[in-house]
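So the structure is just underneath, and the comments pick up after that.
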Amino acid sequence: MSNTPHELADEFPQDHALLHTLKVSNPHFVTLADRYHEVNGEIHRIEAEIETPSDEYTETLKKKRLALIDEIADIIAKAKAPA
């Protein structure tokens, strides 16, 4: 399978170590990351024309991906902030 664009490591290239730390220490982050991965993979399959749902469904998925990335970015920002 080809590399799926918009993976979390691509979205946060400066934060690879922090992403790993959050994945092993923050169950909520793991849930969000898993959901993001599922939604992102589905969008990738649509964009690659492997799946062809309605435009409305595709837009809903893209909005869901944006909401997830915002929430993940917030967790990363809080993890980086000095205690």
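The table below lists the values:
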{"read-out": "Unique residue being surrounded by 15 or more Cβ atoms within 10 Å (Cβ to Cβ) and either touching a Gly at 6+ places or on another chain (Cβ under 6 Å) or small (Gly, Ala, Ser) (or both) when the list is 33, 17", "value": "33"}
{"read-out": "Residue ranges of helices (runs of 4 or more DSSP H) in the chain with at least 2 members among the hydrophobic types (A, V, I, L, M, F, W, C) and free of Cβ contacts under 8 Å to residues at least 12 places away in the same chain", "value": "16-25, 55-80"}
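The numbers here are math on the coordinates, done by the rules we state, and not lab data. Predicted model, so just to flag it, every value in this text is computed and none were measured. Don't worry about glycine lacking a Cβ; one is built from the backbone with ideal geometry, like all the others, and counts go over all protein chains shown.
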